[in-house]
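The values are calculated or read from the model by the stated rules, or taken from the named source; none is laboratory data. Nothing here was measured: the structure is a model prediction, and the numbers come from that model. Note that we place each Cβ from the backbone using ideal geometry, even for glycine, and neighbour counts take in every protein chain shown.
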Amino acid sequence: MVEDYLSDREQEEALRIWWRENWRWIVGGIVLGVALLFGWFRWQDYRVDKGEEASKQYDELKAAVTARDTDKATKELADLTSQHDSSAYTQQGRLLLAKVHADAGKYEDALQLLREVSDKSKDAELASLAKLRAARVLIQLGKHDEAISSLKIEDLGSFAGVAHEIRGDAYLAKGDQNGARGEYAAALTANDAQIDRNILELKLQDVGGSKPAPATTAQAKDEE
């Protein structure tokens, strides 16, 4: 190394020269690093503040729903949407108000909110839940084929069993017992803990299907 052949004085002089030539870059890098770190902390504080604000607005919406004040709930959701459209609280608010509208027979209003959730939610499960509820609303509106086509089983993952059941309900509503029978049978074979097997078995029997035979001990062990 060149430094091994320099005296202490020469090394000090070389260091001074190097510093004079590079100090601006070093100091600039430190300043930039501090600024980035400061900006990151500010961004985290901003996210926390926005999250707390959205949470409070969602609580107001829930209180309005509990009080059966649909007009106030609608206003609270509008405020929440205008400020936190991509927030999970907004998606939950839309689901909540959609249920209120569906229970009141306002299916078109419910459908609009559910479609907004399925389109905008960053949570895949929440989006899937909205699609399932939207399909049920479509059945109520008499749009059976649209309800069936809206549920792509391969896209719904752990909701496959529920999706098959809803599709079966749609086929039954349009008078297609064969289609309903196939969907109910598929729902019973799906690995979906969210379905009610007893109700599904009754639905299947009502459309001419047979109740599945109980799994044998050996089969149960294999499934475990």
Helices (runs of 4 or more DSSP H) fully within the stretch 44-156 counting 3 or more residues that are of a type in the set (A, V, I, L, M):
70-84, 88-103, 107-120, 124-140
Given (1) at pLDDT 80 or above; (2) among the basic types (Lys, Arg); (3) exposed (fewer than 13 other Cβ atoms within 10 Å of the Cβ), index of the condition residue 94 fails
(3)
Filter the stretch 116-168 for residues that are of a type in the set (Asp, Glu) and surrounded by fewer than 20 Cβ atoms within 10 Å (Cβ to Cβ) and give the result.
116, 119, 123, 125, 145, 146, 154, 155
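Give the residue, chosen from 109, 145, 123, 119, that is more than 27 Å from residue 175 (Cβ to Cβ), at pLDDT 95 or above and not aliphatic (A, V, I, L, M). Even if it seems obvious, please write down each step before you answer.
Details: 145 fails: more than 27 Å from residue 175 (Cβ to Cβ); 123 fails: at pLDDT 95 or above; 119 fails: at pLDDT 95 or above.
Result of the check over 109, 145, 123, 119: 109.
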Quick one: how many residues across the stretch 195-215 are modelled with pLDDT under 90, surrounded by 12 or more Cβ atoms within 10 Å (Cβ to Cβ) and of a type in the set (S, T, N, Q)?
0
Quick test of your reading of the structure: residue 62 fulfils all but one of (1) under 30 Å from residue 79 (Cβ atoms); (2) modelled with pLDDT under 70. Name the failing condition by number.
(2)
Screening 11, 44 for residues that are over 30 Å from residue 98 (Cα atoms) and at pLDDT below 65 leaves only 44
